[in-house]
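> Structure provided below as structure tokens; questions to follow.
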Amino acid sequence: MPRYTYRPFDYVAPPELTGGPVRDAPVVIVGAGPIGLAAAIDLALHGVASVVVDESDVVSVGSRAICWAKRTLEIFDRLGVGERMVEKGVTWKVGRLFHGEREVYSFDLLPEDGHKMPAFINLQQYYVEEYLVDRARDFPELIDLRWKSRLVGLAQTEAGVTATIETPDGRYDLAGRYLIAADGSRSTIRHLMGLEFEGTTFEDRFLIADVEMTADFPSERWFWFEPPFHPGQTALLHKQPDDIYRIDLQLDASADPEVEKRPENVIPRIEKAVGGRPFTLDWVSLYTFRCVRLARFVHGRVIFAGDSAHVVSPFGARGGNGGIQDVDNLAWKLAAVVKGEADAALLETYDRERVHATDENITNSSRSTNFMSPRTPMERLFRDQLLALAEDHPFARPMINSGRLSRPASLRGHVAAAPDGGGGPVHPGDPCPDAPLDGGFLLERLGGRFSLLAIGTAAPATLLPVLTLGSESLAAERYGRGLFLVRPDQHIAASWAPGEAGTAEIDAAVEAASARTKELA
Amino acid sequence: MDSATYRLGLDGDEIYAELLALHEGLSEAESAALNARLVLLLVNAVGERSRVEAAFAAARRPKG
Ligand SMILES: Cc1cc2nc3c(=O)[nH]c(=O)nc-3n(C[C@H](O)[C@H](O)[C@H](O)COP(=O)(O)OP(=O)(O)OC[C@H]3O[C@@H](n4cnc5c(N)ncnc54)[C@H](O)[C@@H]3O)c2cc1C
């Protein structure tokens, strides 16, 4: 298989510099990584135009993110790229844990059927971005992608933002009513605004390599504590498409990164990890990890999303997955505000909900990273003894923390106060569970706008779209019987027991969840 | 003693983190003393002699 070929996107001199007609796009998006691209597509699906600027003209260099979680895939599916990603990606759900030579534990992340999307796929970030760019091109009227366009200055007033963009043809000012800062972990915008990340930096270094190998490894996640091929450390192996494997090797804080990175040192380790199978080295990089976030994600008309707002260590795959959930939460709200359908206060709920979800990701990623690189002799003692117990005592095995893999954040208790009468397993703030429906899937029929799901009951008169399901279905098992108000991002906004809600109650719940300023059309 | 079943549900990671946090800032001797107090407290919390003794045996031979 050929390695990924980067095809540069065409830079086109912008109308601001050539004197052509300037389009009026209400939203400026800085950064065409997964987050900026997904945001542009989601806004376009809501009919809102954006200009996306990126300083580069190729997709992600080096693969970085590979693991995409079920909830992210459901969001990608709503955006129209989920099926393509699953088709290309390596689907997996089983993780195996080794201590030394021995397998001590394995887990299955999706033990039940009846979901459209798998627990995880592995797909290199460059493919994810390529597919998102292709999808963005389905909206030529609404998405204006501008490559080799670097934000170098930013001003905001009560009414909007002005970004100064540098191009090969010089600088120009780009005006918008809102700006999404999706410019990654080294965010220029964060620096220009004088905002600081808060959180923890971990000392240990991790060597991350992609190798090309024709092997018969199963599609599983393999994690080692103290592997025979890398004494005293941890290692992680993942399979990617195109016969590429990702290998993470933990290094001592005292190891010399420049020495460790040399092929003559890397290759023997990997050889042992893959049991002597022939391979070639595709990409090697060294990382230290942080678990940090901004105190707030919304700063007037500048809204941070993805790595510009928060960064986590990759154990648990919560970085890119968290960022895509930011977009899912933000796009419908920003679209409603821009269209004048909702009060700007709605954007505060993005801040509240995603800060909460980010803290969940930070907590989980920090604990995993601590477990792998204990900070004190006592922490190491507990870790090592837990591993020792795990060999013969099953209770200890689930306590071994090699990364708690990204799960959809529940916003329970963090969304606008709402009736919670469903009586089943789901509550306001939860992401909607999927279920089979008419030969397809439930989530394909929800989202994009507010709608009502009526399970085993009839919906009262309403202007919302209604989906009615019987009480003898997997959906009924996963939701319970009742009426469920579903947000555009496929989260439950409110629920009622059968017969409990009339038109007025439903209307009030929509109003509370959407900060609506206009009557339903 | 039932060391086969994991009993902490979704709280396992949180409890483990709290356990580590107990030791934060302590010297080695202070940590050892804390662990001793903790064992005595948990022995009493378990209560039943046969279960406590099974735990003793398991701890003595982690690879038994
Ligand atoms: C080794 C590694 C492994 C990882 N594995 C996973 C994983 O398995 N799963 C997962 O979910 N996440 C993973 N992550 C995290 C994931 O890569 C990031 O969370 C993700 O890339 C964030 O996307 P983003 O769009 O916010 O930022 P980026 O992908 O960094 O994109 C930012 C974009 O902004 C552009 N830009 C920057 N500054 C400017 C400027 N001034 N003007 C214009 N454009 C600008 C850049 O060119 C870039 O295209 C991993 C990260 C690393 C490092």
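Computed from the coordinates by the stated procedures, all read-outs in this text should not be read as laboratory data. The structure presented is a predicted model; accordingly, all values stated were derived computationally and were not measured. Ideal geometry is used to build each Cβ from the backbone, glycine not excepted, and the neighbour counts take in all protein chains shown.
> If we count every other residue with Cβ under 14 angstrom of A:GLY160's Cβ, Lys/Arg +1 and Asp/Glu -1, where does the sum land?
Surrounding charge for A:GLY160 is -1.
> Of all the stretches in chain A, which is the longest one without any exposed loop site, taking GluC sites (Glu not before Pro) in a DSSP loop (any state but H, G, I, E, B) with at most 12 other Cβ atoms within 10 Å?
Result for the longest clean stretch: A:197-471.
> Out of all DSSP beta bridges with both ends in region A:436-514, state the antiparallel percent to the nearest 5.
If we restrict to bridges inside region A:436-514, about 75 percent are antiparallel.
> ³J(HN,Hα) across region A:455-472 via Karplus (A = 6.51, B = -1.76, C = 1.60, θ = phi - 60°), whole Hz, x for Gly/Pro?
Result, rounded to whole Hz: 10, x, 7, 9, 8, x, 4, 7, 8, 6, x, 10, 10, 10, 10, x, 8, 9.
> When a/c is below 1.5 the answer is rounded, else prolate if a/b is larger than b/c, else oblate, so apply that to region B:2-60 with a ≥ b ≥ c taken from the square roots of the Cα gyration tensor eigenvalues.
It is oblate, given that a/c is not under 1.5 and a/b is not larger than b/c.
> If we count every other residue with Cβ under 15 angstrom of A:ILE267's Cβ, Lys/Arg +1 and Asp/Glu -1, where does the sum land?
-1
> Fewest to most neighbouring Cβ within 10 Å: what's the order for A:ASP430, B:ASP13, A:ASP138?
Final ranking by Cβ density, sparse to dense: A:ASP138, B:ASP13, A:ASP430.
> What ranking do A:THR288, A:THR5, A:THR157 get, fewest neighbouring Cβ atoms within 10 angstrom at the top?
Placing the least packed residue first, the sequence is A:THR5, A:THR157, A:THR288.
> Here's another thing I want to ask about it. Scan chain B for chymotrypsin sites (Phe, Trp or Tyr not before Pro) in coil per DSSP, keeping those whose Cβ has at most 16 other Cβ atoms within 10 Å, and list them by number.
B:TYR6
> Specify which residue in the list A:GLY232, A:ILE267, A:LEU281 is farthest towards the positive end of the charge dipole of region A:200-331, using unit charges on the beta carbon of Lys, Arg (+1) and Asp, Glu (-1), about the Cα centre.
It is A:GLY232.
> How large is the charge dipole for the protein assembly as shown, taken about the Cα centre, if only the Cβ atoms of Lys, Arg (+1) and Asp, Glu (-1) carry charge, to the nearest 20 debye?
So the magnitude is around 500 debye.
> Would you please give the FRET efficiency between A:GLU444 and A:ARG137, computed as 1/(1 + (r/R0)^6) with r the Cβ-Cβ distance and R0 = 25 Å, to the nearest 0.05?
Efficiency, from the Cβ-Cβ distance: 0.65.
> Shifting gears a bit: What FRET efficiency comes out for the pair A:ASP243/A:GLU112, r = Cβ-Cβ distance, R0 = 22 Å, nearest 0.05?
0.10
> What does the charge add up to near A:THR72, with Lys and Arg as +1, Asp and Glu as -1, over the other residues with Cβ less than 12 Å from its Cβ?
+1
> Can you put A:LEU387, A:LEU79, A:LEU467 in order of Cβ neighbours within 10 angstrom, beginning with the fewest?
Ranking A:LEU387, A:LEU79, A:LEU467 by Cβ neighbours within 10 Å, fewest first, gives A:LEU467, A:LEU387, A:LEU79.
> How many angstrom lie between the C-alpha centres of region B:28-64 and region A:139-192?
So the two Cα centres are separated by 60 Å.
> Another question, if that's okay. Report the FRET efficiency, 1/(1 + (r/R0)^6), for A:ASN265 and A:ASP57, where r is their Cβ-Cβ distance and R0 is 35 Å, rounded to 0.05.
0.55
> Let me know the charge dipole size of chain B about its Cα centre in debye, to the nearest 20, where only the beta-carbon of Lys, Arg (+1) and Asp, Glu (-1) is charged.
For chain B, the charge dipole is close to 480 debye.
> Okay, next question. With the Cα gyration tensor of region A:436-514 giving a ≥ b ≥ c as the square roots of its eigenvalues, does the rule (a/c under 1.5 for rounded; else a/b larger than b/c for prolate; else oblate) give rounded, prolate or oblate?
oblate
> Find which of B:LEU26, B:SER50, B:LEU8 sits farthest along the positive direction of the dipole of region B:2-60, computed with +1 on the beta-carbon of Lys and Arg, -1 on that of Asp and Glu, about the Cα centre.
My answer, from the dipole projection, is B:SER50.
> Between A:HIS414 and A:THR288, how many nm apart are label points set 7 Å from Cα along the C-beta direction?
2.9 nm
> Quick one: how many lysine pairs in chain A have C-alpha atoms under 23 angstrom apart, if they're 8 or more apart or on different chains?
Counting lysine pairs in chain A gives 15.
> What are the membrane-span-like helices in chain A by this rule: whole DSSP H runs, Cα extent along the axis at least 24 Å, mean Kyte-Doolittle hydropathy at least -1.0?
The answer, listed by residue number, is A:319-338.
> At a threshold of 8 angstrom on Cα-Cα distance, excluding pairs fewer than six apart, so keeping six or more, what relative contact order does region A:34-143 reach in percent?
Reported relative contact order: 41 percent.
> Assigning unit charges at the beta carbon (Lys, Arg +1; Asp, Glu -1) and nothing else, what dipole magnitude in debye, to the nearest 20, does region A:436-514 show about its Cα centre?
With Lys and Arg at +1 and Asp and Glu at -1, about 100 debye.
> Compute the Cα gyration tensor for the protein assembly as shown, then decide on rounded, prolate or oblate, letting a ≥ b ≥ c be the square roots of its eigenvalues: rounded whenever a/c is under 1.5, prolate when a/b is larger than b/c in the other cases, and oblate in all that remain.
Since a/c reaches 1.5 but b/c is at least a/b, the shape of the protein assembly as shown is classed as oblate.
> For chain A, what does the helix formula give at 222 nm: sum of -39500 (n - 2.57) over DSSP H segments with n ≥ 4, over the residue count, nearest 500 deg cm²/dmol?
-8500 deg cm²/dmol
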